[in-house]
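The values are calculated or read from the model by the stated rules, or taken from the named source; none is laboratory data. Owing to the predicted nature of the structure, the values given are computational and were not obtained by experimental measurement. Cβ: placed from backbone, ideal geometry, glycine included. Neighbour counts: every protein chain shown.
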Amino acid sequence: MPVALVQLGALEGVQVHRPPVGGVVWDRGALLRLDDAEVTWRMPVADPPVLALAGRRLYVGTEGWALCYDVRSGDEAWAVDCGAPIVALEAHPGGVDVLAGARVLAFDPRGEAGPIVSVDPGAMHLRRVGAKRYIATPAGVYRLVAEERPALLYACRAHALHVREGGLQALVEGPPGTVLVEDDGLAMVWPFPDATTHLVAPWGRDEWAITPLTGRSGLWVVDRRVLTRWQVPLQGRPLALAVVGAAVAVAVEDGGHALALIHPDVSAPLLLAIDGVDTLHAEGPRLYLTHAGRTVIFLVRDTT
């Protein structure tokens, strides 16, 4: 399937530090909604917030408050004081789960409070798969089901938790090195490339896009057992990686900077010279490249 990289425009003075959520980003004291190359609304938020989206409801966690906004208009729907710094949010059709201090709080779409679960005060990540909720702490990954006590899934620090087709996948720093832990009825553990020496991102239903920071240069898409599904060589040192739809974008340095767009149905990467790259993020078919205080927004389009 041929693909094209279309530049939608550039936003001067806007820096995208994290992946956009519903087109919303935080930049130097303000929450911005980006619609292609325009800022459609802006509101002051002093510190970097936690964001989550379900439908048109944008949930924001900042300074101990959980807030709900209409993502299109920026209008506030409700706000609740959670009594502790908010570490993570997980939005779903039935509302939002909030990891605040040593508690997981639940709110419905109207802001009405539900059951509270006590957790390790060092919890860092929160994810939800159906009725199951998962948290990651320095001691390990735990599963929460309804109001039961947390059950240990794997006893090591997690780099990240990902909701994939059918269950949870966690990249964990285990005793043998980085491992992939799956919870789909029965916890499965698979050896994985070192998360500190590779750029890694979920791709497709249950595969992973991986490029090593040293050694062999290229992009590999692998399954959970690290068996290669497809691979494309790359010239230059990888700097950043983002999955954008069915394609993978990799910023590389090779006597200059270039953006490589790679698709499994195309044998050679589509290359675009760029001035540089500070961050590279994607949401849906849009790619956000930030450098030198400006963000260039691209659209990845199917040309068949």
Working only within segment 65-91, note down all residues that are farther than 13 Å from VAL24 by Cβ, part of a strand (DSSP E or B) and out of contact with any Gly (no Cβ under 9 Å at 6 or more places or on another chain). TRP65, GLU76, GLU90
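Across segment 10-20, what is the number of residues that are buried (at least 21 other Cβ atoms within 10 Å of the Cβ) and either of a type in the set (Lys, Arg) or under 17 Å from the mean Cα position of the chain (by Cα) (or both)?
So in segment 10-20, the residues buried (at least 21 other Cβ atoms within 10 Å of the Cβ) come out as 11, 16, 20.
Imposing the further condition that a residue be either of a type in the set (Lys, Arg) or under 17 Å from the mean Cα position of the chain (by Cα) (or both) reduces the set to 16, 20.
Total satisfying the criteria: 2.
Provide a single number: the residues in segment 44-64 that are in a strand (DSSP E or B) and either loosely packed, with under 14 Cβ neighbours inside 10 Å or on the phi > 0 side of the Ramachandran plot (or both).
Going residue by residue through segment 44-64, those that are in a strand (DSSP E or B) are 44, 50-54, 57-62.
Remaining after also requiring either loosely packed, with under 14 Cβ neighbours inside 10 Å or on the phi > 0 side of the Ramachandran plot (or both): 44.
Count: 1.
For every residue, the table says whether it meets (1) of a type outside the set (A, V, I, L, M, F, W, C); (2) more than 29 Å from ARG143 (Cβ to Cβ); (3) touching a residue at least 24 places away in the same chain (Cβ under 8 Å).
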| position | (1), (2), (3) |
| --- | --- |
| TRP190 | no, no, yes |
| ALA195 | no, no, yes |
| TRP203 | no, no, yes |
| THR211 | yes, yes, yes |
| GLY218 | yes, yes, no |
| VAL222 | no, no, no |
| THR228 | yes, yes, no |
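With of a type in the set (A, V, I, L, M), part of a strand (DSSP E or B) and under 17 Å from the mean Cα position of the chain (by Cα) as the only criterion, which of LEU199, LEU259, LEU299 stands out?
Working: LEU259 fails: under 17 Å from the mean Cα position of the chain (by Cα); LEU299 fails: under 17 Å from the mean Cα position of the chain (by Cα).
Exactly one residue qualifies, and that residue is LEU199.
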If the Cβ limit is 6 Å and pairs must be 6+ apart or interchain, which residue in segment 113-134 that is within 14 Å of ALA100 (Cβ to Cβ) and in contact (Cβ under 8 Å) with a residue 24 or more places away in the chain pairs with which residue that is part of a loop (DSSP other than H, G, I, E, B) and of a type in the set (Val, Ile, Thr)? none
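Restricting the search to segment 209-235, which residues are of a type in the set (Val, Ile, Thr) and surrounded by fewer than 16 Cβ atoms within 10 Å (Cβ to Cβ)?
Once the filter is applied, which keeps residues that are of a type in the set (Val, Ile, Thr) and surrounded by fewer than 16 Cβ atoms within 10 Å (Cβ to Cβ), segment 209-235 yields THR214, VAL226, THR228.
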Among (1) closer than 23 Å to ASP278 by Cβ; (2) in contact with a Leu (Cβ under 9 Å, 6 or more places away or on another chain); (3) modelled with pLDDT of 95 or more; (4) among the small types (Gly, Ala, Ser), there is one condition GLY61 misses while meeting the rest; what is its number? (1)
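Which members of segment 268-287 meet the condition of being in a strand (DSSP E or B) and of a type in the set (D, E, K, R)? It would help to see each step written out before you state the result.
Applying the first criterion (in a strand (DSSP E or B)) to segment 268-287 yields 270-274, 279-283, 286-287.
Answer for segment 268-287, where residues must be in a strand (DSSP E or B) and of a type in the set (D, E, K, R): GLU283, ARG286.
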Under 7 Å between Cβ atoms, at least 6 apart or on separate chains: pull out the pairs that start in segment 5-27 with a residue that is free of Cβ contacts under 8 Å to residues at least 40 places away in the same chain and end on any residue that is in a strand (DSSP E or B) and exposed (fewer than 14 other Cβ atoms within 10 Å of the Cβ). none
How many residues does segment 21-42 contain that are exposed (fewer than 14 other Cβ atoms within 10 Å of the Cβ) and either on the phi > 0 side of the Ramachandran plot or in contact with a Phe, Trp or Tyr (Cβ under 8 Å, 6 or more places away or on another chain) (or both)? 3
Looking at (1) buried (at least 16 other Cβ atoms within 10 Å of the Cβ); (2) farther than 29 Å from GLY255 by Cα; (3) modelled with pLDDT under 90, which one does GLU182 not meet, given that it meets all the others? (3)
One residue is enough: does segment 160-170 have a residue meeting the conditions modelled with pLDDT under 90, assigned to a strand (DSSP E or B) and closer than 21 Å to LEU227 by Cα? yes
